[in-house]
1. Return the residues of region 23-66 that are open to solvent by less than 50 Å² (accessible area, probe 1.4 Å) and at pLDDT below 95; say none if nothing qualifies.
2. Quick test of your reading of the structure: A216 fulfils all but one of (1) open to solvent by 20 Å² or more (accessible area, probe 1.4 Å); (2) free of Cβ contacts under 8 Å to residues at least 40 places away in the same chain. Name the failing condition by number.
3. Just checking, which of G327, G365 is within 27 Å of T400 (Cα to Cα) and loosely packed, with under 13 Cβ neighbours inside 10 Å?
4. Name the residues in region 93-110 that are in contact with an Asp or Glu (Cβ under 9 Å, 6 or more places away or on another chain), open to solvent by 40 Å² or more (accessible area, probe 1.4 Å) and within 16 Å of ligand 2 (Cβ to nearest atom), would you?
5. Looking at (1) closer than 20 Å to R357 by Cβ; (2) without any contact (Cβ under 8 Å) to a residue 24 or more places away in the chain, which is the only condition T319 fails?
6. Between a first residue in region 389-402 that is open to solvent by less than 20 Å² (accessible area, probe 1.4 Å) and a second residue that is modelled with pLDDT under 90, which pairs have beta carbons less than 6 Å apart while being 6 or more apart in sequence or on different chains?
7. Could you please find all residues in region 138-185 being open to solvent by less than 30 Å² (accessible area, probe 1.4 Å), assigned to a loop (DSSP other than H, G, I, E, B) and away from ligand 2 (no atom under 16 Å from the Cβ)?
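The values are calculated or read from the model by the stated rules, or taken from the named source; none is laboratory data. Keep in mind that what you see is a predicted model, and the values were worked out from it rather than measured. Note: ideal-geometry Cβ built from the backbone for every residue, glycine included; neighbour counts use all protein chains shown. Note: accessible area is taken over every heavy atom of the protein model, side chains too, but ligands, DNA and RNA are not part of it. Shrake-Rupley method; radii C 1.70, N 1.55, O 1.52, S 1.80 Å.
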Amino acid sequence: MTSASQVATQIPRDAHPVSRKNISDSALKVMSRLASQGFQAYLVGGAVRDLLLGGHPKDFDVATDATPEEVHALFRNSRIIGRRFRIVHVRFGREIIEVTTFRGPHDEAEDDDDKPAVRTNDSGMLLRDNVYGSLEEDAARRDFTVNALYYSSADFCVYDYLDGLGDLERREIRIIGDAEKRYREDPVRMLRAIRFAAKLDFQIAQSTAAPIPALAHMLEAIPAARLFDEMLKLFMAGYALRTFQLLREYKLLEHLFPATAGELEESPQAVALIEAAMRSTDERIAADKPVTPAFILAALLWPPVVELRKHLEDNGMDTPEALAEAGQSLLMEQLHHIAIPRRFTAPMREIWDFQLRLQKRRGRGGTKLLAHRRFRAAYDFLLLREQSGEDLDGLGKYWTELQEQHPEIQPDTRPEDEANPRPRKRRRRRKRPQ
Ligand code: ATP
Ligand code: MG
């Protein structure tokens, strides 16, 4: 077990590779401003971890002894966000620096207040965690040792209270404190352990890994909206295949995608299809090509959709209706677990519906489909189905050749602007990419 009572190891500038050159100007600005007002300010979390590993951080988190209100008062371009865990977002153009106030131990919380700083439910889950503390106490409240390394832009040293550097060297994800207690406080930490193990290609330390399968069911208590955010981080970061395999291994998948997890036990073809979708997403990310969660979600839910469709067909429903009904019903069930926004469920369904349209050889009529906005995704999906062993009587080849015969027909690729919840209201013509 890792405890915070150790003294910090202080690593001087000439003994570590973290350089200001590789830290965003915005993060440096935030830290120097805080320091100029007499506050402590450190870079922490993924940025320090990734810089020590020689990687490129995707964002920069700052930890400070200033309260959220004090931080907010210092930066006009800032907002206090979160209730469960209050932090400050400081915005510089498109970049957001997340500033968190040092957290402290819960036993020092004043809890006779109307709004207690810490609240837990009966299973030990933290509903709120806003007790502030010192730098050393903050380290102990973080999730994994490799995420609890601090870099000071005042003295250029790295501070390590929990042997995070040792774990970086051993390439191990190790939770801080008692694993079971920390997972009960926040079950999402189980998903984070998997995510970092997949991303960094690290092992999960034995005592950190052991309690996961038995506590996996606690994910059911996490709000569906938070799980959607986590799902994006799990599958859209370039390591989806390994992540998916670990989620299965640790019995977490059945609490995220229960109908899918059930099918996977029965059908190696279903496993092959989903793994192929994950692999292709990872390859696209590595090649800097655009990816959408709709495609991965379409693949994840396809096996149970097909199963239910067959069942409905056996009961006399015709195929298109059975597919639509199966899709709708699986999706409704899935939304209880993960709140997939409409802008992704709509294209998912189109990919599914399109499978039937692609299943007919259409002669000249087929060329019309080539221009459809969803054609590319649906065609890629069809190829994955064939790759995973489904016998589609050469359909993939048929559509490949049809496209080769008609290079002049290009699918409508205008960006859909997935971040825009009401795309129809903004019918501005945009320049096409490429
Ligand atoms: P990424 O590369 O994905 O940004 P990260 O380690 O920076 O990885 P964030 O989600 O950005 O992860 O969180 C920043 C830091 O906040 C983490 O490194 C960790 O120290 C702390 N943290 C985040 N989530 C939790 C949590 N659920 N419990 C404890 N500490 C957490
Ligand atoms: Mg981060």
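1. Scanning region 23-66 gives G55, P57.
2. Every condition holds for A216 apart from (1).
3. On the way: G327 fails: loosely packed, with under 13 Cβ neighbours inside 10 Å.
Answer to the check: G365.
4. Answer for region 93-110, where residues must be in contact with an Asp or Glu (Cβ under 9 Å, 6 or more places away or on another chain), open to solvent by 40 Å² or more (accessible area, probe 1.4 Å) and within 16 Å of ligand 2 (Cβ to nearest atom): E95, I96, E98.
5. Against the list (1) closer than 20 Å to R357 by Cβ; (2) without any contact (Cβ under 8 Å) to a residue 24 or more places away in the chain, T319 comes up short only on (2).
6. Qualifying pairs under 6 Å: L402/G366.
7. Selection gives S153, C157, Y161, L162, I176, G177.
For (1) within 14 Å of ligand 2 (Cβ to nearest atom); (2) in contact (Cβ under 8 Å) with a residue 60 or more places away in the chain; (3) over 17 Å from V90 (Cα atoms), each residue gets a yes or a no:
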{"residue": "H16", "(1), (2), (3)": "no, yes, yes"}
{"residue": "S32", "(1), (2), (3)": "no, yes, no"}
{"residue": "A35", "(1), (2), (3)": "no, yes, no"}
{"residue": "Q40", "(1), (2), (3)": "no, yes, no"}
{"residue": "H56", "(1), (2), (3)": "yes, no, yes"}
